[in-house]
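Heads up, the thing below is written out as C-alpha coordinates.
The values are calculated or read from the model by the stated rules, or taken from the named source; none is laboratory data. Source: prediction; values computed, not measured. Ideal geometry is used to build each Cβ from the backbone, glycine not excepted, and the neighbour counts take in all protein chains shown. To get the accessible areas, we keep the full protein, side chains included, count just its heavy atoms, and leave off ligands, DNA and RNA. Shrake-Rupley method; radii C 1.70, N 1.55, O 1.52, S 1.80 Å.
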Amino acid sequence: MRVIRVAGVALVGVLALGCPRQEGVLRVVDGRVVEGAFVEPEAYAAFLRGAIAEERGELQDALRGYSDAVRYDPNDAEIWSRIARVLCVMRPGDPQGDAALSRAFEIDADYAEAWAVRAECAMARGDTASAEAAARRAVEADRVATDLQLLLARAAGGARGDAMRDRLVALTLAHAGSVAAWRALAAWARAHDDVALYARALAELARRTPLDRAALAKATTILAGDGEIVASRVLAAALVDAASADGFGAPVARSQPIVARLAVDEAIVAGDLDRVRLRATRTHMGLEEAAGRAALLGADAIARDLAAPVVAADPRAIGARMVLAAVAGGRGDAASLAAAFDGVRGVRADAPVPAECLLAFARTVARASSDEEAARVVASTPHDALLPGDAIVAPIAADLAARGVLAESELPLDAAVELAARRMQPPPDAALAGTTAAPAHLDARHELLAFALARPDAPRAVELARRLARVRDRDALVAVAWARVDLAHDTPSSEAPAHLLARDPGDPLVAAAALDIATRRGDTATATRARAILSAVARTPAERARSKQ
(Lines give C-alpha, C1' and ligand atoms only; values in the text may rest on other atoms or scores of the structure.)
Protein backbone atom coordinates (compact mmCIF):
# COMPACT_ATOMS: atom_id res chain seq x y z
CA MET A 1 0.00 0.00 0.00
CA ARG A 2 1.18 3.57 -0.63
CA VAL A 3 -0.07 6.06 1.93
CA ILE A 4 1.24 9.60 2.09
CA ARG A 5 -0.86 11.25 4.78
CA VAL A 6 -1.25 10.10 8.35
CA ALA A 7 -5.00 10.58 8.03
CA GLY A 8 -4.94 8.11 5.16
CA VAL A 9 -3.00 5.60 7.26
CA ALA A 10 -5.53 5.87 10.05
CA LEU A 11 -8.40 5.27 7.66
CA VAL A 12 -6.81 2.15 6.22
CA GLY A 13 -5.99 0.87 9.68
CA VAL A 14 -9.54 1.28 10.89
CA LEU A 15 -10.93 -0.45 7.84
CA ALA A 16 -8.57 -3.38 8.28
CA LEU A 17 -9.20 -3.80 11.99
CA GLY A 18 -12.96 -3.89 11.43
CA CYS A 19 -12.91 -6.62 8.78
CA PRO A 20 -12.55 -10.39 9.10
CA ARG A 21 -9.44 -12.06 7.73
CA GLN A 22 -9.60 -12.44 3.97
CA GLU A 23 -7.38 -12.93 0.93
CA GLY A 24 -7.76 -9.34 -0.37
CA VAL A 25 -9.01 -6.02 0.96
CA LEU A 26 -10.04 -2.70 -0.60
CA ARG A 27 -8.19 0.40 0.53
CA VAL A 28 -8.47 4.13 -0.17
CA VAL A 29 -5.06 5.44 -1.22
CA ASP A 30 -4.68 9.13 -2.20
CA GLY A 31 -8.37 9.26 -3.03
CA ARG A 32 -8.37 6.05 -5.09
CA VAL A 33 -9.78 2.65 -4.24
CA VAL A 34 -7.18 -0.09 -4.72
CA GLU A 35 -7.04 -3.77 -3.88
CA GLY A 36 -4.21 -5.29 -1.91
CA ALA A 37 -3.21 -8.20 0.26
CA PHE A 38 -4.52 -8.51 3.80
CA VAL A 39 -2.13 -7.26 6.51
CA GLU A 40 -2.17 -8.30 10.15
CA PRO A 41 -3.71 -5.69 12.51
CA GLU A 42 -0.48 -5.66 14.55
CA ALA A 43 1.45 -4.57 11.46
CA TYR A 44 -1.00 -1.75 10.87
CA ALA A 45 -0.73 -0.60 14.48
CA ALA A 46 3.07 -0.55 14.35
CA PHE A 47 3.03 1.17 10.95
CA LEU A 48 0.64 3.80 12.27
CA ARG A 49 2.92 4.50 15.24
CA GLY A 50 5.82 5.00 12.86
CA ALA A 51 3.83 7.24 10.50
CA ILE A 52 2.61 9.49 13.31
CA ALA A 53 6.12 9.78 14.75
CA GLU A 54 7.54 10.59 11.29
CA GLU A 55 4.93 13.29 10.79
CA ARG A 56 6.03 14.85 14.09
CA GLY A 57 9.71 14.65 13.16
CA GLU A 58 10.42 12.04 15.84
CA LEU A 59 12.59 9.93 13.57
CA GLN A 60 13.94 7.41 16.10
CA ASP A 61 10.40 6.57 17.20
CA ALA A 62 9.34 6.37 13.56
CA LEU A 63 12.14 3.93 12.83
CA ARG A 64 11.12 1.76 15.78
CA GLY A 65 7.50 1.70 14.63
CA TYR A 66 8.39 0.76 11.06
CA SER A 67 10.88 -1.84 12.25
CA ASP A 68 8.15 -3.46 14.37
CA ALA A 69 5.80 -3.38 11.39
CA VAL A 70 8.27 -5.05 9.06
CA ARG A 71 8.73 -7.95 11.50
CA TYR A 72 5.00 -8.65 11.20
CA ASP A 73 4.94 -8.12 7.45
CA PRO A 74 8.39 -8.41 5.81
CA ASN A 75 6.92 -8.40 2.30
CA ASP A 76 5.42 -4.90 2.26
CA ALA A 77 7.42 -2.56 0.01
CA GLU A 78 5.79 0.48 1.63
CA ILE A 79 7.23 -0.30 5.04
CA TRP A 80 10.74 -0.87 3.65
CA SER A 81 10.46 2.39 1.72
CA ARG A 82 9.47 4.22 4.90
CA ILE A 83 12.45 2.76 6.74
CA ALA A 84 14.73 3.87 3.92
CA ARG A 85 13.29 7.41 3.95
CA VAL A 86 13.75 7.82 7.71
CA LEU A 87 17.32 6.52 7.57
CA CYS A 88 18.09 8.82 4.66
CA VAL A 89 16.79 11.86 6.54
CA MET A 90 18.78 10.91 9.62
CA ARG A 91 21.97 9.96 7.78
CA PRO A 92 22.07 10.48 3.98
CA GLY A 93 24.04 7.64 2.42
CA ASP A 94 23.46 5.22 5.30
CA PRO A 95 24.09 1.67 3.91
CA GLN A 96 21.17 0.36 5.97
CA GLY A 97 18.88 2.80 4.16
CA ASP A 98 20.16 1.57 0.80
CA ALA A 99 19.59 -2.02 1.94
CA ALA A 100 16.00 -1.25 2.98
CA LEU A 101 15.37 0.35 -0.38
CA SER A 102 16.86 -2.63 -2.19
CA ARG A 103 14.49 -4.89 -0.26
CA ALA A 104 11.54 -2.73 -1.38
CA PHE A 105 12.60 -3.12 -5.02
CA GLU A 106 12.96 -6.88 -4.58
CA ILE A 107 9.32 -6.99 -3.53
CA ASP A 108 8.13 -4.60 -6.27
CA ALA A 109 10.59 -3.28 -8.84
CA ASP A 110 8.03 -0.75 -10.12
CA TYR A 111 6.92 0.55 -6.74
CA ALA A 112 6.55 4.31 -7.20
CA GLU A 113 7.08 5.25 -3.56
CA ALA A 114 10.40 3.40 -3.43
CA TRP A 115 11.60 5.30 -6.50
CA ALA A 116 10.44 8.53 -4.82
CA VAL A 117 12.52 7.71 -1.74
CA ARG A 118 15.53 6.97 -3.95
CA ALA A 119 15.09 10.39 -5.59
CA GLU A 120 14.79 12.16 -2.22
CA CYS A 121 17.89 10.42 -0.89
CA ALA A 122 19.85 11.30 -4.02
CA MET A 123 18.87 14.96 -3.64
CA ALA A 124 19.98 14.86 0.01
CA ARG A 125 23.39 13.63 -1.17
CA GLY A 126 23.57 16.25 -3.90
CA ASP A 127 23.36 13.70 -6.71
CA THR A 128 20.99 15.63 -8.99
CA ALA A 129 21.34 13.30 -11.99
CA SER A 130 20.35 10.21 -9.99
CA ALA A 131 17.57 12.16 -8.28
CA GLU A 132 15.99 13.18 -11.58
CA ALA A 133 16.29 9.65 -13.02
CA ALA A 134 14.65 8.09 -9.95
CA ALA A 135 11.90 10.72 -9.88
CA ARG A 136 11.12 9.97 -13.54
CA ARG A 137 10.80 6.27 -12.71
CA ALA A 138 8.43 7.17 -9.87
CA VAL A 139 6.22 9.20 -12.22
CA GLU A 140 6.25 6.42 -14.82
CA ALA A 141 5.11 3.98 -12.15
CA ASP A 142 2.27 6.20 -10.92
CA ARG A 143 1.21 8.99 -13.29
CA VAL A 144 -1.80 9.95 -11.16
CA ALA A 145 -0.04 10.97 -7.93
CA THR A 146 0.49 14.74 -7.78
CA ASP A 147 3.26 14.55 -5.19
CA LEU A 148 5.43 12.50 -7.54
CA GLN A 149 5.01 15.06 -10.30
CA LEU A 150 6.11 17.75 -7.85
CA LEU A 151 9.07 15.64 -6.79
CA LEU A 152 10.18 15.35 -10.41
CA ALA A 153 9.90 19.11 -10.87
CA ARG A 154 12.07 19.68 -7.79
CA ALA A 155 14.62 17.09 -8.80
CA ALA A 156 14.98 18.44 -12.32
CA GLY A 157 14.76 22.09 -11.37
CA GLY A 158 18.46 22.60 -10.69
CA ALA A 159 19.52 21.87 -14.26
CA ARG A 160 16.73 23.69 -16.14
CA GLY A 161 15.45 26.36 -13.79
CA ASP A 162 13.25 28.38 -16.17
CA ALA A 163 11.64 25.34 -17.77
CA MET A 164 11.03 23.72 -14.40
CA ARG A 165 9.61 26.94 -13.01
CA ASP A 166 7.01 27.02 -15.76
CA ARG A 167 6.27 23.34 -15.30
CA LEU A 168 5.94 23.61 -11.54
CA VAL A 169 3.70 26.67 -11.75
CA ALA A 170 1.45 24.98 -14.31
CA LEU A 171 1.31 21.81 -12.24
CA THR A 172 0.49 23.75 -9.08
CA LEU A 173 -2.32 25.64 -10.80
CA ALA A 174 -3.68 22.38 -12.17
CA HIS A 175 -3.85 21.10 -8.59
CA ALA A 176 -4.63 24.43 -6.93
CA GLY A 177 -6.59 22.73 -4.16
CA SER A 178 -3.53 20.77 -3.02
CA VAL A 179 -1.65 22.24 -0.06
CA ALA A 180 1.28 19.97 -0.92
CA ALA A 181 1.47 21.54 -4.37
CA TRP A 182 1.71 25.08 -2.99
CA ARG A 183 4.28 24.01 -0.41
CA ALA A 184 6.39 22.40 -3.14
CA LEU A 185 6.12 25.55 -5.22
CA ALA A 186 7.21 27.68 -2.25
CA ALA A 187 10.18 25.39 -1.57
CA TRP A 188 11.27 25.51 -5.20
CA ALA A 189 10.91 29.29 -5.39
CA ARG A 190 12.89 29.81 -2.20
CA ALA A 191 15.69 27.52 -3.36
CA HIS A 192 15.91 29.45 -6.63
CA ASP A 193 15.60 32.97 -5.13
CA ASP A 194 12.35 33.58 -7.00
CA VAL A 195 10.93 35.93 -4.38
CA ALA A 196 7.78 36.92 -6.26
CA LEU A 197 6.82 33.28 -6.80
CA TYR A 198 7.74 32.44 -3.20
CA ALA A 199 5.44 35.16 -1.87
CA ARG A 200 2.66 34.03 -4.19
CA ALA A 201 2.90 30.44 -2.97
CA LEU A 202 3.02 31.48 0.68
CA ALA A 203 0.02 33.74 0.17
CA GLU A 204 -1.97 30.75 -1.10
CA LEU A 205 -0.83 28.73 1.91
CA ALA A 206 -1.99 31.55 4.18
CA ARG A 207 -5.47 31.15 2.73
CA ARG A 208 -5.50 27.36 2.94
CA THR A 209 -3.55 26.37 6.08
CA PRO A 210 -4.64 28.27 9.21
CA LEU A 211 -2.25 26.32 11.43
CA ASP A 212 0.74 27.59 9.42
CA ARG A 213 -0.06 31.27 9.81
CA ALA A 214 2.32 31.94 12.70
CA ALA A 215 5.21 30.59 10.62
CA LEU A 216 4.01 32.56 7.60
CA ALA A 217 3.91 35.74 9.70
CA LYS A 218 7.57 35.16 10.56
CA ALA A 219 8.36 34.64 6.88
CA THR A 220 6.66 37.97 6.18
CA THR A 221 8.91 39.86 8.58
CA ILE A 222 12.01 38.15 7.17
CA LEU A 223 11.05 39.15 3.63
CA ALA A 224 10.57 42.76 4.76
CA GLY A 225 13.90 42.69 6.60
CA ASP A 226 15.61 41.41 3.46
CA GLY A 227 14.36 44.40 1.50
CA GLU A 228 11.62 42.47 -0.30
CA ILE A 229 8.97 45.02 0.63
CA VAL A 230 6.52 44.30 -2.19
CA ALA A 231 6.60 40.55 -1.54
CA SER A 232 6.23 41.03 2.22
CA ARG A 233 3.20 43.27 1.71
CA VAL A 234 1.55 40.71 -0.58
CA LEU A 235 2.01 37.96 1.99
CA ALA A 236 0.92 40.16 4.91
CA ALA A 237 -2.23 41.14 3.04
CA ALA A 238 -3.05 37.48 2.38
CA LEU A 239 -2.51 36.62 6.04
CA VAL A 240 -4.76 39.39 7.34
CA ASP A 241 -7.50 38.79 4.78
CA ALA A 242 -7.48 35.00 5.22
CA ALA A 243 -7.47 35.11 9.01
CA SER A 244 -10.39 37.51 8.98
CA ALA A 245 -12.34 35.48 6.42
CA ASP A 246 -12.31 32.21 8.36
CA GLY A 247 -11.88 33.58 11.88
CA PHE A 248 -9.01 31.17 12.51
CA GLY A 249 -5.65 32.68 13.24
CA ALA A 250 -6.77 36.32 13.35
CA PRO A 251 -4.67 36.91 16.48
CA VAL A 252 -1.55 36.22 14.40
CA ALA A 253 -1.76 39.53 12.60
CA ARG A 254 -2.69 41.37 15.80
CA SER A 255 0.23 39.84 17.71
CA GLN A 256 2.64 40.68 14.85
CA PRO A 257 2.28 44.46 14.47
CA ILE A 258 4.70 44.62 11.53
CA VAL A 259 2.52 42.15 9.61
CA ALA A 260 -0.52 44.33 10.28
CA ARG A 261 1.32 47.44 9.09
CA LEU A 262 2.56 45.75 5.95
CA ALA A 263 -0.98 44.61 5.12
CA VAL A 264 -2.34 48.12 5.58
CA ASP A 265 0.56 49.56 3.57
CA GLU A 266 -0.30 47.20 0.68
CA ALA A 267 -3.78 48.67 0.50
CA ILE A 268 -2.44 52.24 0.83
CA VAL A 269 0.00 51.78 -2.04
CA ALA A 270 -2.77 50.19 -4.11
CA GLY A 271 -4.89 53.30 -3.46
CA ASP A 272 -7.77 51.26 -2.05
CA LEU A 273 -9.32 53.29 0.76
CA ASP A 274 -11.95 50.67 1.59
CA ARG A 275 -9.31 47.96 2.00
CA VAL A 276 -7.21 50.26 4.18
CA ARG A 277 -10.17 50.77 6.51
CA LEU A 278 -11.05 47.08 6.50
CA ARG A 279 -7.53 45.85 7.29
CA ALA A 280 -7.00 48.52 9.92
CA THR A 281 -10.19 47.35 11.63
CA ARG A 282 -9.29 43.67 11.30
CA THR A 283 -5.87 44.18 12.90
CA HIS A 284 -7.14 46.58 15.56
CA MET A 285 -5.12 49.43 14.09
CA GLY A 286 -6.68 52.82 14.72
CA LEU A 287 -7.70 54.90 11.72
CA GLU A 288 -5.45 57.69 13.00
CA GLU A 289 -2.45 55.40 12.77
CA ALA A 290 -3.48 54.21 9.31
CA ALA A 291 -3.82 57.86 8.26
CA GLY A 292 -0.35 58.57 9.62
CA ARG A 293 1.11 55.71 7.60
CA ALA A 294 -0.61 56.98 4.47
CA ALA A 295 0.91 60.42 5.07
CA LEU A 296 4.40 58.93 5.49
CA LEU A 297 3.92 56.94 2.26
CA GLY A 298 2.91 60.08 0.38
CA ALA A 299 -0.69 58.93 -0.16
CA ASP A 300 -2.15 62.31 0.77
CA ALA A 301 -5.68 61.67 -0.48
CA ILE A 302 -6.04 58.48 1.54
CA ALA A 303 -4.46 60.13 4.59
CA ARG A 304 -6.93 63.00 4.38
CA ASP A 305 -9.94 60.73 3.77
CA LEU A 306 -9.02 58.66 6.82
CA ALA A 307 -8.23 61.55 9.15
CA ALA A 308 -11.02 64.01 8.34
CA PRO A 309 -13.93 61.82 9.55
CA VAL A 310 -12.00 61.03 12.73
CA VAL A 311 -11.65 64.75 13.52
CA ALA A 312 -15.31 65.35 12.67
CA ALA A 313 -16.36 62.61 15.07
CA ASP A 314 -13.86 63.54 17.79
CA PRO A 315 -12.42 67.07 17.76
CA ARG A 316 -9.87 65.97 20.36
CA ALA A 317 -8.27 63.45 17.96
CA ILE A 318 -4.95 65.25 17.80
CA GLY A 319 -3.25 62.52 15.78
CA ALA A 320 -5.77 62.92 12.97
CA ARG A 321 -5.35 66.72 13.15
CA MET A 322 -1.60 66.25 12.78
CA VAL A 323 -2.14 64.16 9.67
CA LEU A 324 -4.34 66.85 8.13
CA ALA A 325 -1.64 69.42 8.87
CA ALA A 326 1.03 67.21 7.30
CA VAL A 327 -1.09 66.73 4.15
CA ALA A 328 -1.75 70.47 3.88
CA GLY A 329 1.96 71.20 4.25
CA GLY A 330 2.85 68.63 1.64
CA ARG A 331 0.68 70.26 -1.03
CA GLY A 332 1.76 73.80 -0.10
CA ASP A 333 -1.69 74.87 1.07
CA ALA A 334 -0.69 77.71 3.40
CA ALA A 335 -4.22 78.50 4.62
CA SER A 336 -5.10 74.89 5.38
CA LEU A 337 -1.70 74.37 6.99
CA ALA A 338 -2.19 77.38 9.28
CA ALA A 339 -5.66 76.19 10.25
CA ALA A 340 -4.39 72.70 10.92
CA PHE A 341 -1.53 74.05 13.05
CA ASP A 342 -3.99 76.09 15.09
CA GLY A 343 -6.15 73.00 15.56
CA VAL A 344 -3.21 71.01 16.85
CA ARG A 345 -2.04 73.74 19.22
CA GLY A 346 -5.54 74.25 20.61
CA VAL A 347 -6.19 70.63 21.57
CA ARG A 348 -4.62 68.64 24.37
CA ALA A 349 -4.16 64.94 23.67
CA ASP A 350 -6.21 62.62 25.87
CA ALA A 351 -4.10 59.59 24.86
CA PRO A 352 -0.70 59.02 23.28
CA VAL A 353 -0.60 60.03 19.63
CA PRO A 354 0.30 57.30 17.10
CA ALA A 355 4.00 57.60 16.29
CA GLU A 356 3.30 57.80 12.54
CA CYS A 357 1.05 60.85 13.02
CA LEU A 358 3.63 62.64 15.12
CA LEU A 359 6.48 61.87 12.70
CA ALA A 360 4.48 63.16 9.74
CA PHE A 361 3.57 66.34 11.63
CA ALA A 362 7.08 66.91 13.01
CA ARG A 363 8.55 66.59 9.53
CA THR A 364 6.09 69.20 8.28
CA VAL A 365 6.85 71.59 11.17
CA ALA A 366 10.59 71.25 10.58
CA ARG A 367 10.15 72.14 6.91
CA ALA A 368 7.62 74.95 7.42
CA SER A 369 9.14 76.47 10.55
CA SER A 370 12.33 75.10 12.15
CA ASP A 371 13.90 72.02 13.69
CA GLU A 372 13.69 73.69 17.09
CA GLU A 373 9.95 74.23 16.80
CA ALA A 374 9.47 70.65 15.65
CA ALA A 375 11.51 69.41 18.62
CA ARG A 376 9.26 71.36 21.02
CA VAL A 377 6.17 69.78 19.44
CA VAL A 378 7.61 66.28 19.82
CA ALA A 379 8.72 66.87 23.41
CA SER A 380 5.30 68.19 24.45
CA THR A 381 3.19 65.52 22.76
CA PRO A 382 2.68 62.12 24.43
CA HIS A 383 3.13 59.51 21.73
CA ASP A 384 3.45 55.79 21.15
CA ALA A 385 6.87 54.17 21.01
CA LEU A 386 8.47 53.52 17.64
CA LEU A 387 8.44 49.88 16.55
CA PRO A 388 11.53 48.13 15.20
CA GLY A 389 11.41 46.54 11.78
CA ASP A 390 9.28 49.24 10.17
CA ALA A 391 10.94 50.22 6.90
CA ILE A 392 8.66 53.25 6.52
CA VAL A 393 9.29 54.72 9.96
CA ALA A 394 13.01 53.99 10.51
CA PRO A 395 14.56 56.39 7.95
CA ILE A 396 12.19 59.23 8.84
CA ALA A 397 12.86 58.77 12.55
CA ALA A 398 16.62 58.66 11.93
CA ASP A 399 16.43 61.85 9.87
CA LEU A 400 14.46 63.67 12.57
CA ALA A 401 16.97 62.49 15.19
CA ALA A 402 19.83 63.72 13.00
CA ARG A 403 18.15 67.15 12.97
CA GLY A 404 17.66 67.12 16.74
CA VAL A 405 13.87 66.93 16.43
CA LEU A 406 13.56 63.44 17.93
CA ALA A 407 15.53 62.22 20.94
CA GLU A 408 18.07 59.54 20.07
CA SER A 409 16.83 57.50 23.04
CA GLU A 410 13.47 57.07 21.30
CA LEU A 411 14.93 55.28 18.27
CA PRO A 412 14.53 51.52 17.84
CA LEU A 413 17.74 49.69 17.00
CA ASP A 414 17.31 49.77 13.22
CA ALA A 415 16.77 53.54 13.18
CA ALA A 416 19.75 53.95 15.57
CA VAL A 417 21.94 52.13 13.04
CA GLU A 418 20.79 54.52 10.30
CA LEU A 419 21.52 57.48 12.56
CA ALA A 420 25.03 56.13 13.22
CA ALA A 421 25.56 55.91 9.46
CA ARG A 422 24.38 59.51 9.05
CA ARG A 423 26.84 60.58 11.75
CA MET A 424 29.55 58.38 10.23
CA GLN A 425 30.04 56.70 13.59
CA PRO A 426 30.17 53.03 14.69
CA PRO A 427 26.73 51.50 15.26
CA PRO A 428 25.42 50.52 18.71
CA ASP A 429 27.13 47.39 20.03
CA ALA A 430 23.78 45.60 20.11
CA ALA A 431 23.60 45.81 16.32
CA LEU A 432 26.56 43.48 15.78
CA ALA A 433 25.72 39.83 16.37
CA GLY A 434 29.12 38.47 15.40
CA THR A 435 27.48 35.14 14.53
CA THR A 436 25.18 33.78 11.87
CA ALA A 437 22.19 34.81 13.98
CA ALA A 438 20.92 38.36 13.64
CA PRO A 439 20.55 40.47 16.80
CA ALA A 440 17.12 40.66 18.32
CA HIS A 441 14.91 43.32 16.72
CA LEU A 442 17.31 43.96 13.84
CA ASP A 443 16.60 42.88 10.29
CA ALA A 444 19.15 41.74 7.74
CA ARG A 445 19.29 45.12 5.95
CA HIS A 446 20.28 46.99 9.06
CA GLU A 447 22.61 44.28 10.30
CA LEU A 448 24.45 44.56 6.98
CA LEU A 449 24.64 48.34 7.39
CA ALA A 450 25.94 47.93 10.95
CA PHE A 451 28.73 45.62 9.78
CA ALA A 452 29.49 47.93 6.86
CA LEU A 453 30.07 50.73 9.38
CA ALA A 454 32.05 48.78 11.97
CA ARG A 455 33.51 45.57 10.51
CA PRO A 456 33.05 45.57 6.73
CA ASP A 457 35.72 42.89 6.28
CA ALA A 458 34.05 40.44 8.69
CA PRO A 459 32.76 37.14 7.25
CA ARG A 460 29.26 38.02 8.43
CA ALA A 461 29.39 41.27 6.43
CA VAL A 462 30.36 39.38 3.28
CA GLU A 463 27.66 36.76 3.90
CA LEU A 464 24.95 39.40 4.31
CA ALA A 465 26.17 41.38 1.30
CA ARG A 466 25.90 38.29 -0.89
CA ARG A 467 22.50 37.39 0.49
CA LEU A 468 21.03 40.84 -0.09
CA ALA A 469 22.83 41.66 -3.34
CA ARG A 470 19.68 40.94 -5.34
CA VAL A 471 17.82 43.89 -3.80
CA ARG A 472 20.51 46.54 -4.05
CA ASP A 473 19.00 47.81 -7.31
CA ARG A 474 15.79 48.71 -5.48
CA ASP A 475 16.89 49.31 -1.90
CA ALA A 476 19.13 52.32 -1.36
CA LEU A 477 20.15 51.28 2.15
CA VAL A 478 21.34 47.87 0.95
CA ALA A 479 23.12 49.49 -2.01
CA VAL A 480 25.02 51.78 0.35
CA ALA A 481 26.00 49.00 2.75
CA TRP A 482 26.94 46.66 -0.11
CA ALA A 483 29.16 49.30 -1.68
CA ARG A 484 30.96 50.00 1.61
CA VAL A 485 31.62 46.30 2.20
CA ASP A 486 32.98 46.09 -1.34
CA LEU A 487 35.24 49.09 -0.78
CA ALA A 488 36.65 47.56 2.40
CA HIS A 489 37.98 44.63 0.38
CA ASP A 490 39.95 46.93 -1.93
CA THR A 491 37.81 45.89 -4.87
CA PRO A 492 36.07 48.98 -6.27
CA SER A 493 32.36 48.38 -6.56
CA SER A 494 31.16 46.90 -9.81
CA GLU A 495 28.48 49.55 -9.64
CA ALA A 496 29.34 52.98 -11.03
CA PRO A 497 29.06 55.76 -8.43
CA ALA A 498 26.82 57.72 -10.81
CA HIS A 499 24.44 54.75 -10.91
CA LEU A 500 24.39 54.60 -7.12
CA LEU A 501 23.76 58.32 -6.90
CA ALA A 502 20.77 57.99 -9.22
CA ARG A 503 19.05 55.61 -6.77
CA ASP A 504 17.91 58.33 -4.42
CA PRO A 505 19.70 61.67 -4.90
CA GLY A 506 18.00 63.12 -1.83
CA ASP A 507 19.36 60.44 0.53
CA PRO A 508 22.46 61.60 2.43
CA LEU A 509 23.64 58.00 2.87
CA VAL A 510 23.56 57.48 -0.89
CA ALA A 511 25.32 60.76 -1.61
CA ALA A 512 28.09 60.00 0.90
CA ALA A 513 28.64 56.46 -0.43
CA ALA A 514 28.70 57.68 -4.04
CA LEU A 515 31.21 60.34 -3.05
CA ASP A 516 33.49 57.75 -1.44
CA ILE A 517 33.33 55.40 -4.45
CA ALA A 518 33.88 58.22 -6.94
CA THR A 519 36.86 59.50 -4.93
CA ARG A 520 38.37 56.01 -4.82
CA ARG A 521 37.93 55.60 -8.57
CA GLY A 522 39.16 59.07 -9.45
CA ASP A 523 35.79 59.97 -10.98
CA THR A 524 36.05 63.72 -10.44
CA ALA A 525 32.80 64.65 -12.17
CA THR A 526 30.65 62.28 -10.12
CA ALA A 527 32.51 63.17 -6.90
CA THR A 528 31.80 66.86 -7.49
CA ARG A 529 28.11 66.13 -8.11
CA ALA A 530 27.85 63.88 -5.05
CA ARG A 531 29.56 66.50 -2.90
CA ALA A 532 27.09 69.16 -4.02
CA ILE A 533 24.12 66.92 -3.29
CA LEU A 534 25.49 65.97 0.12
CA SER A 535 26.02 69.63 0.95
CA ALA A 536 22.36 70.32 0.18
CA VAL A 537 20.91 67.44 2.22
CA ALA A 538 23.47 67.26 5.07
CA ARG A 539 21.97 67.33 8.54
CA THR A 540 24.77 66.03 10.78
CA PRO A 541 28.20 67.60 11.41
CA ALA A 542 29.85 64.57 9.79
CA GLU A 543 27.81 65.00 6.61
CA ARG A 544 28.56 68.71 6.43
CA ALA A 545 32.27 68.10 6.95
CA ARG A 546 32.33 65.33 4.37
CA SER A 547 30.64 67.54 1.77
CA LYS A 548 33.46 70.09 2.11
CA GLN A 549 36.39 67.70 1.75
Can you send over the solvent-accessible area of Ile222, 1.4 Å probe, protein chains only, in Å² to the nearest 10?
80 Å²
Once phi is turned into ³J(HN,Hα) by the Karplus curve 6.51 cos²θ - 1.76 cosθ + 1.60 with θ = phi - 60°, what whole-Hz value does each residue of the range 126-136 show in order, with x for glycine and proline?
x, 8, 5, 5, 5, 4, 5, 4, 5, 5, 5
Rounded to the nearest 10 Å², what accessible area does Tyr72 have for a 1.4 Å probe in the complete protein model?
130 Å²
Looking at the square roots a ≥ b ≥ c of the eigenvalues of the Cα gyration tensor of the range 252-319, which shape do they give, rounded for a/c under 1.5, prolate if a/b is larger than b/c, or oblate?
oblate
Glu266, Glu356, Glu106, ranked by accessible area, largest first (probe 1.4 Å)
Glu106, Glu266, Glu356
For Phe105, Phe451, give the ranking by accessible area with the largest first, probe 1.4 Å.
Phe105, Phe451
What are the residues whose amide H is under 5 Å from the amide H of His383, where those residues sit 5 or more places off or on another chain and H is modelled from the backbone?
Val353
If you place +1 on the Cβ of every Lys and Arg, -1 on the Cβ of every Asp and Glu, and leave all else neutral, what size is the dipole of the range 353-463 about its Cα centre, to the nearest 20 Debye?
220 debye
Read phi for every residue in the range 302-308 and hand back ³J(HN,Hα) as whole Hz from Karplus 6.51 cos²θ - 1.76 cosθ + 1.60, θ = phi - 60°, with x for Gly and Pro.
5, 4, 5, 5, 7, 7, 4
Could you order His499, His446, His383, His192 so the one with the most accessible surface comes first? Probe is 1.4 Å.
His499, His192, His383, His446
Compute, for the range 176-243, the length of the dipole vector about the Cα centre, with Cβ point charges of +1 (Lys, Arg) and -1 (Asp, Glu) only. Units Debye, rounded to 20.
220 debye
